[in-house]
Amino acid sequence: MIFSSFAKALAQMGDRRFRRVLFLGLVLTVALLFAAYVGVLILISWLTGDGVTLPLIGEVTWVSNLLGWTSLVAMLIMSVFLMVPVASAISSLFLEDIAAAVEAQHYPALPPVAPLPWSETIRDTFAFLGLMIGANLLALALYIAMPFAALGIFWALNGFLLGREYFQLAAMRRLGRDGARALRMRHPWRIWLAGVLMAVPLSVPLLNLLIPILGAATFTHLYHALQSDQGRTG
């Protein structure tokens with residue numbers, strides 16, 4: 001069920017509506033990462049003066065490096081750590097567009113749904129961002145104590161968080177908040193494993209830029225599959 005949902009999402013990546021969201025997501029992601037990078041360089045410049053020598057990078061003068069190849073390398077490295085919260089934010093903002101495109105192609109008989117209010121979407125986005133940042137900050141102790149297992153811990157933790165968020169958003173469109181939570185609680189392992197499938201490529205620079213769209217589409221399919229399965233067994 002999980003891999004079937006992912007395969008369907010991947011097959012629809014050429015959809016015009018997917019490409020539009022991909023473009024908007026890329027612009028937003030690059031802007032956020034670039035802003036974060038500029039903020040770090042400004043902080044370094046304020047603390048150390050015009051230049052500082054960093055291991056493996058060398059002399060960093062923030063104006064020149066901002067426009068140089070060093071900025072690309074730094075942004076790629078930062079993307080590994082920042083893409084989890086960025087992906088959750090993008091999926092929240094553009095889920096409606098992706099879910100509508102998925103349902104139009106694969107579930108055309110379904111009635112239309114009213115979009116979630118922006119106030120509710122933004123509230124949920126920031127609440128989840130806080131949860132993800134807090135959970136990953138707490139997990140730093142585990143990363144340091146068990147560096148050999150850090151990647152596995154990262155995938156497991158963020159797979160749980162992303163699965164919870166993606167599925168809740170996808171199901172909430174048609175079931176409401178309480179209905180989505182109830183369905184999620186009945187299928188925790190499938191949702192967690194699907195979240196891990198999304199979390200693994202988030203640690204790969206450039207590839208991680210596609211995950212917000214693939215995640216939103218995959219969990220839309222997964223929601224419908226679980227609903228259909230529940231209807232047959234119920």
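Scan region 3-21 and report the pairs whose first residue is within 18 Å of Val196 (Cα to Cα) and whose second residue is surrounded by 12 or more Cβ atoms within 10 Å (Cβ to Cβ), with Cβ atoms within less than 6 Å and a gap of 6+ or a chain change.
Close Cβ pairs (under 6 Å, with a partner that is surrounded by 12 or more Cβ atoms within 10 Å (Cβ to Cβ)) amount to Ser5/Thr218; Ser5/His221; Ser5/Leu222; Phe6/Thr218; Lys8/His221; Ala9/Leu214; Ala9/Ala217; Ala9/Thr218.
Please verify whether region 156-169 includes one or more residues that are small (Gly, Ala, Ser), part of a helix (DSSP H, G or I) and farther than 15 Å from Leu95 by Cβ. Reasoning before the result, please.
So in region 156-169, the residues small (Gly, Ala, Ser) come out as 156, 159, 163.
Checking which are part of a helix (DSSP H, G or I) leaves us with 156, 159, 163.
Filter once more, so that each one left must be farther than 15 Å from Leu95 by Cβ: 156, 159.
Looking through region 156-169, at least one residue is small (Gly, Ala, Ser), part of a helix (DSSP H, G or I) and farther than 15 Å from Leu95 by Cβ.
Hey, can you tell me all the residues within region 159-192 that are of a type in the set (Asp, Glu) and either touching a strand residue (DSSP E or B) at 6+ places or on another chain (Cβ under 6 Å) or open to solvent by less than 60 Å² (accessible area, probe 1.4 Å) (or both)? Can you show your working first?
Residues of region 159-192 that are of a type in the set (Asp, Glu), as a first pass: 165, 178.
Within region 159-192, Glu165 is the sole residue that qualifies.
Somewhere in region 146-154, is a residue among the hydrophobic types (A, V, I, L, M, F, W, C), modelled with pLDDT of 85 or more, touching a Lys or Arg at 6+ places or on another chain (Cβ under 9 Å) and farther than 30 Å from Val27 by Cβ?
So far as region 146-154 goes, no, none of its residues is among the hydrophobic types (A, V, I, L, M, F, W, C), modelled with pLDDT of 85 or more, touching a Lys or Arg at 6+ places or on another chain (Cβ under 9 Å) and farther than 30 Å from Val27 by Cβ.
Check region 105-115 and report whether any residue there is over 22 Å from Asp15 (Cβ atoms), modelled with pLDDT of 70 or more and out of contact with any Asp or Glu (no Cβ under 6 Å at 6 or more places or on another chain).
The answer is yes; a qualifying residue exists.
Filtering region 155-193 down to residues that are in contact (Cβ under 8 Å) with a residue 12 or more places away in the chain and of a type in the set (Gly, Ala, Ser), which residue is farthest from Phe6 (Cα to Cα)?
Ranking the candidates gives Ala180 first.
Is it the case that Leu95 is touching a residue at least 12 places away in the same chain (Cβ under 8 Å) and open to solvent by less than 50 Å² (accessible area, probe 1.4 Å)? Full working, then the answer.
Details: touching a residue at least 12 places away in the same chain (Cβ under 8 Å): yes; open to solvent by less than 50 Å² (accessible area, probe 1.4 Å): yes.
Here the answer is yes, as Leu95 does meet what is asked.
Among the residues of region 157-169, are any among the charged types (D, E, K, R), within 24 Å of Phe126 (Cβ to Cβ) and at pLDDT below 85? Before you say what the answer is, go through the steps one by one.
Going residue by residue through region 157-169, those that are among the charged types (D, E, K, R) are 164-165.
Then drop every residue that is not within 24 Å of Phe126 (Cβ to Cβ), which leaves 164-165.
Then drop every residue that is not at pLDDT below 85, which leaves 165.
Looking for residues that are among the charged types (D, E, K, R), within 24 Å of Phe126 (Cβ to Cβ) and at pLDDT below 85, one finds at least one in region 157-169, hence yes.
Out of all the residues in region 109-142, which are surrounded by 15 or more Cβ atoms within 10 Å (Cβ to Cβ) and part of a helix (DSSP H, G or I)?
Filtering region 109-142 down to residues surrounded by 15 or more Cβ atoms within 10 Å (Cβ to Cβ) leaves 116, 121, 124-125, 128-129, 131-132, 136, 139.
Hits for region 109-142 are Thr121, Asp124, Thr125, Phe128, Leu129, Leu131, Met132, Asn136, Ala139.
Would you point out the residue of region 201-214, among those that are in a helix (DSSP H, G or I) and out of contact with any Gly (no Cβ under 8 Å at 6 or more places or on another chain), that is modelled with the highest pLDDT? So that I can check it myself, show each step before the final result.
Start the filter on region 201-214 by keeping residues that are in a helix (DSSP H, G or I), which leaves 201-202, 207-214.
From what's left, out of contact with any Gly (no Cβ under 8 Å at 6 or more places or on another chain): 201-202, 207-208, 210-211, 214.
On the way: Pro201: 82, Leu202: 75, Leu207: 73, Asn208: 72, Leu210: 79, Ile211: 79, Leu214: 85.
The qualifying residue modelled with the highest pLDDT is Leu214.
The values are calculated or read from the model by the stated rules, or taken from the named source; none is laboratory data. Note that the structure is a prediction, hence the values are computed from the model and not measured. Neighbour counts are summed over all protein chains in view; Cβ atoms, including those assigned to glycine, are modelled from backbone coordinates with ideal geometry. Accessible surface is based on the protein model in full, side chains and every heavy atom, while ligands, DNA and RNA are left aside. Shrake-Rupley method; radii C 1.70, N 1.55, O 1.52, S 1.80 Å.
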